[in-house]
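Undergrad: Before I ask anything, here is the structure I am working with.
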Amino acid sequence: MIFIKNGIIHDAIHRDPFVGNILIENGRISALGPELKTNDDGAEVYDADGFHIYPGFIDAHCHAGLSVAGAASAGKDVNESNDPLTPQLRAIDGIDPFDKNLRKAAFAGVTCVATGPGSANCIGGTFAAIKTYGKRVDNMVVDPCIAMKCAFGENPKSFYQSKAVSSRMTNAALIRTMLKKTQIYKEKLDQAGEDSSKRPAYDEKCEAMLPVIERKIPLKAHAHQANDIFTALRIAKEFNVRITLEHVTDGLLIIDELKDEEVPLALGPYFASMSKIECRNASWEAPGILSKAGCHVCIISDSPVTPLEELPLYAGKAIKAGMDSFEALKAITINPAEHIGAEDRIGSIKAGKDADLVICKGSPFDLYGVIKDVFINGKIITRS
């Protein structure tokens, strides 16, 4: 049991911070508040007087652990080059917990990430939500299967051009084909019921896509350009599947449409060069403008495209460009938690949630902010 006292708590629920105490038991927040006291003489007391306490920061879209720092091609397990349709791939089978990108992020207060394959494949496989500190991915997992990655635009075109994916139309057609094939596969399974003799032959790709068709997980759609965004939405509606939009670089060109769609948006990365034509409209103003318009916004690193450990700084850059500071906090805490379907465990400082906390001197959105300690699952992480 740990009793954190006198911290300035930014809970990502209430706009204004408050001075209060937090009680941690069994890796979770059991209680908090300004008047909270503990009568347990055995509780470890952590004095946070003068320090700011934030929920652990969350990146809703990266490839950390699959594209490993400093390992060149030997450490890249992000894209399967032999097939543009690989829904059967699972992030947890490739994540390296010792990736320095993850470790640096943990000490910077980024306590959870959604990471996975893609975005060269039209359908890349399932993303996982994991804590950023640990030795074995099985013990770091928040959810092993949060979404099915798919991609539109220049990445599949350029990567698979020699394999007959040379246009946006072909890319979309392949995704449709996989979804339709899975629908038919599911119909046959439903018709067979408990009669194994009538079941269709096992298809690993269709099996992996069943949670998408059944609306248990969303398509996680890589889409920069406005036309790609609308194609992703069109396909999701055709097959009545859930969807989140990733990158959304042209978001400022289609604000009203995105607001009406009410689809979660993962914006970024912005702290990088405009390496592709579809990134030409990248803008630090976008998170603030889209948030103000009523869109559900989170800010992402797309690590290793930009450094994962600088996620709080990216929120700070958005604030500098006009984003409301509370909305910026939500964009790297509760909003990404909701984006990846893990808001019941992470994303805010609330009783019952995982005790993932960042203790900071000053603001983490500021270059001069200093992270003092990071709690993951109720324990202070150490560099040993």
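Undergrad: Compute the signed sum of charges (Lys and Arg +1, Asp and Glu -1) over the other residues within less than 12 Å, Cβ to Cβ, of Thr231.
TA: +2
Undergrad: Further question: So what is the orientation-averaged projected area of region 1-51, using the convex hull of its C-alpha atoms, in nm²?
TA: 3.6 nm²
Undergrad: Which of Pro55, Pro200, Pro269 moves the most in a Gaussian network model of the chain with Cα springs under 10 Å?
TA: Pro200
Undergrad: State, to one decimal in nm², a quarter of the convex hull surface area for the C-alpha atoms of region 162-230, i.e. the direction-averaged projected area.
TA: 6.0 nm²
Undergrad: Follow-up question, since we're still on this one. Taking 0.36 nm per residue of separation and subtracting the Cα-Cα distance, what length does fully extending Ser81 through Asp344 add?
TA: My answer for the length gained is 91.1 nm.
Undergrad: On to the next question. How big is region 265-384 by Rg and Dmax over its Cα atoms, in Å?
TA: Both quantities, over Cα of region 265-384: 14.9, 46 Å.
Undergrad: Test of understanding: in a Gaussian network model of the chain with alpha carbons linked when under 10 Å, which of Glu343, Glu80, Glu238 would top the mean-square fluctuation ranking?
TA: Of Glu343, Glu80, Glu238, the Gaussian network model singles out Glu238 as fluctuating most.
Undergrad: Which of the peptides 34-42, 372-380, 322-330 is most tightly packed, and how do the rest follow, going by the mean number of other Cβ atoms within 10 Å of each residue?
TA: Averaged packing, sorted descending, gives the order 322-330, 372-380, 34-42.
Undergrad: Out of every Cα-Cα pair in region 207-344, what percent are more than 21 Å apart?
TA: It works out to 39 percent of all Cα pairs.
Undergrad: Collect residues whose amide H, placed 1.01 Å from N in the peptide plane, falls under 5 Å from the amide H of Leu219; neighbours closer than 5 in sequence don't count.
TA: Amide H to amide H, under 5 Å and 5 or more residues apart or across chains, Leu219 pairs with Met148, Arg242, Ile243, Thr244.
Undergrad: What FRET efficiency would be calculated for the residue pair Ser167, Ala351, taking the C-beta separation as r and a Förster radius of 45 Å, to the nearest 0.05?
TA: With R0 = 45 Å, the Cβ-Cβ based efficiency is 0.30.
Undergrad: Let me ask you something else. State the percentage of accessible surface on region 206-320 attributable to carbon and sulfur atoms; use a 1.4 Å probe and exclude ligands, DNA and RNA.
TA: Result for region 206-320: 51 percent of the exposed heavy-atom area is carbon or sulfur.
Undergrad: Using the alpha carbons of region 125-254, what is the convex hull volume per residue in cubic angstrom, as a whole number?
TA: 149 Å³
Undergrad: What FRET efficiency do you get for Ala201 and Asp93 if R0 is 25 Å and r is their Cβ-Cβ distance, rounded to the nearest 0.05?
TA: E(calc), rounded to 0.05, equals 0.60.
Undergrad: Take the cross-link list Lys149/Lys205; Lys181/Lys237; Lys292/Lys353 and give me the ones stretching past 23 Å between alpha-carbons.
TA: Distance filter (> 23 Å) returns Lys292/Lys353.
Undergrad: Using mean Cβ contacts within 10 Å as the protection proxy, how do 45-51, 174-180, 248-254 order, highest first?
TA: 248-254, 174-180, 45-51
Undergrad: Could you tell me which of the pairs Lys76/Lys220; Lys186/Lys276; Lys131/Lys320; Lys157/Lys259 are separated by over 27 angstrom between their Cα atoms in the structure shown?
TA: From Lys76/Lys220; Lys186/Lys276; Lys131/Lys320; Lys157/Lys259, over 27 Å: Lys186/Lys276; Lys131/Lys320; Lys157/Lys259.
Undergrad: Please compute the net charge surrounding Ser301, taking Lys and Arg as +1 and Asp and Glu as -1 over other residues with Cβ under 10 Å from its Cβ.
TA: -4
Undergrad: Students often forget the sequence filter, so: which lysines lie under 16 Å Cα-Cα from Lys372 once same-chain residues fewer than 8 apart are removed?
TA: Lys5, Lys104, Lys361
Undergrad: Based on the alpha-carbon gyration tensor of the chain, what equivalent-ellipsoid semi-axes (square roots of 5 times the eigenvalues) come out, in whole Å, largest first?
TA: That gives 36, 24, 19 Å for the three semi-axes.
Undergrad: Using a probe radius of 1.4 Å on heavy atoms only, what accessible surface per residue do you get for the chain? Whole Å² is fine.
TA: Ligands and nucleic acids excluded, the figure is 43 Å² per residue.
Undergrad: Could you give me the ³J(HN,Hα) list for region 338-350, computed from phi with Karplus coefficients 6.51, -1.76, 1.60 and θ = phi - 60°, whole Hz, x at Gly and Pro?
TA: Listing the rounded values in order: 5, 4, 9, x, 10, 5, 6, 10, 9, x, 8, 8, 8 Hz.
Undergrad: Under 13 Å from the 7 Å Cα→Cβ point of Arg280, by amide nitrogen: which residues of region 242-272?
TA: 250
Undergrad: Whole Å is fine, so just give me how far the alpha carbon centre of region 340-384 lies from that of region 84-107.
TA: Using only Cα atoms, the two centres lie 21 Å from each other.
Undergrad: So how far apart, in nm, are the two label points at Ala321 and Asp41 if each is 7 Å from Cα heading toward Cβ?
TA: Between Ala321 and Asp41, the simple spin-label model gives 5.6 nm.
Undergrad: How high is the FRET efficiency from Arg28 to Leu189, r the C-beta distance, R0 51 Å, rounded to 0.05?
TA: Using R0 = 51 Å, I get an efficiency of 0.85.
Undergrad: Kirkwood Rh, Cα Rg: Rg to Rh for region 209-266?
TA: Across region 209-266, the Cα-based Rg/Rh ratio is 0.96.
Undergrad: Would you mind telling me which residue in Ala151, Ala321, Ala60 has the biggest mean-square fluctuation in a Gaussian network model of the chain, where springs connect alpha carbons within a distance under 10 angstrom?
TA: Ala321
Undergrad: Please give me the summed charge of the neighbours of Pro264: other residues whose Cβ is under 13 Å from its Cβ, Lys and Arg +1, Asp and Glu -1.
TA: Charge balance in the 13 Å sphere: -1.
Undergrad: Using the Cα gyration tensor of region 1-136, with a ≥ b ≥ c the square roots of its eigenvalues, what is the shape: rounded (a/c below 1.5), prolate (a/b larger than b/c) or oblate (neither)?
TA: prolate
Undergrad: Under 8 Å for C-alpha pairs, at least 6 residues apart: give me the relative contact order for the chain, rounded to a whole percent.
TA: Computed value for the chain: 20 percent relative contact order.
The values are calculated or read from the model by the stated rules, or taken from the named source; none is laboratory data. All values derive from a computational prediction rather than experimental measurement. Heads up, the Cβs are rebuilt from the backbone with ideal geometry, glycines too, and the neighbour counts pull from every protein chain shown. Just the protein is used for accessible areas: all its heavy atoms, side chains included, with ligands, DNA and RNA removed. Shrake-Rupley method; radii C 1.70, N 1.55, O 1.52, S 1.80 Å.
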